[in-house]
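Below you'll find the structure, written out as structure tokens, and then a few comments.
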Amino acid sequence: MLFTLFVPMFSQAQLVTMFDEEDTRKGIVVDQVSYEVVYDLTEVVSKEKDKRQQFNEPMLLQIGPKCSSFFSYRGFQADSLVKAQFAKGETNVNVPFSSQVSWKVLAHYPTPDRSVYLDKVANGRYRVEETLDTPEWEIVPDSALRLLGYDCRLATAKYRGRVWSAWYAEDIPLSHGPWKLHGLPGLILKAYDAGREFVFTVSALRPVSEPEDMVYYGADYELIKRKDLNKIYRSYYADAIGYTLMSFPAGGKKTLQIHDEQGNVLTHSKPQPYNLIE
């Protein structure tokens, strides 16, 4: 089976997004969604002077009675298109857009005190399970900000290698927030680290009245430690195309070719900047 991927040469980064039959598998229903919150993420990927690069990505937080799930809304749309095309028997999958955030976080799963971090890197699917630790928040007195019509207060905490500031609304009694931020007496509507390399800002929120499943797709992902996943990130971003090609062993059932828009075969790519949230 030959996979052919096209990488646009005019794009700023030559990174590879792969889809295959594994992405069409049905997930596990772990909860029912009762609340959805959309955040605008601004992420800085390069902190070099005069070369500060950043991107924007819409993110979706699903909240249920037992679990919460946080992921790229654009990535969710791309995955849905892929599944629809595979379901029709189409082998030449065409997705007109892609997400720059591939990771997902599921909190309070597989047990109430645990969380799962999922990511796709080239041809690999990885799962990190860990204890769901709560940031030690300090409330900032006399702080005030209004977001989407809600009065918010500010709290700060050192968490996962960064100093975070979080604006939360006590009028929304949900102890959740973007990424792994949680544990405040109200929904977090805005959060950012000290260097503002990651900024999450609420853009919409709504209660879910119709039945909607919260689905977990990581059961078949490779269980890995976070430090080992970070090593994979380093190798991938050093040469995304070369790393992706090497993920298909010679003599296997699947082979891969990567082309640019002019049809030229690509075998390597330049190192790309990246910035891990933890």
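Some values worked out for this structure:
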item	result
Qualifying GluC sites (Glu not before Pro) for the stretch 107-145 [loop in DSSP, other Cβ within 10 Å: at most 11]	Glu136
Cross-link table Lys225/Lys270; Lys104/Lys270; Lys26/Lys225; Lys158/Lys270, entries beyond 31 Å C-alpha to C-alpha	Lys158/Lys270
Heavy-atom accessible surface of the stretch 122-278: percent carbon and sulfur, 1.4 Å	51
About the Cα centre, charge dipole magnitude for the stretch 145-198 (Lys/Arg +1, Asp/Glu -1 at Cβ), debye	240
Trypsin sites (Lys or Arg not before Pro) lying in DSSP loop within the stretch 151-259, provided at most 13 other Cβ fall within 10 Å	Arg196, Lys225, Lys253, Lys254
Low-density loop positions, chymotrypsin sites (Phe, Trp or Tyr not before Pro), the stretch 93-167 - DSSP coil, at most 15 other Cβ in 10 Å	Phe97
Only Lys, Arg (+1) and Asp, Glu (-1) charged, at Cβ; the stretch 145-263 dipole about Cα centre in debye	640
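The values are calculated or read from the model by the stated rules, or taken from the named source; none is laboratory data. Note that the coordinates shown come from a computational prediction; the quantities given were computed from them, not determined experimentally. Using ideal geometry, Cβ is built from the backbone for each residue, glycine included, and neighbour counts are taken over all protein chains shown. Ligands, DNA and RNA are excluded from the accessible area calculation, which covers all protein heavy atoms including side chains. Shrake-Rupley method; radii C 1.70, N 1.55, O 1.52, S 1.80 Å.
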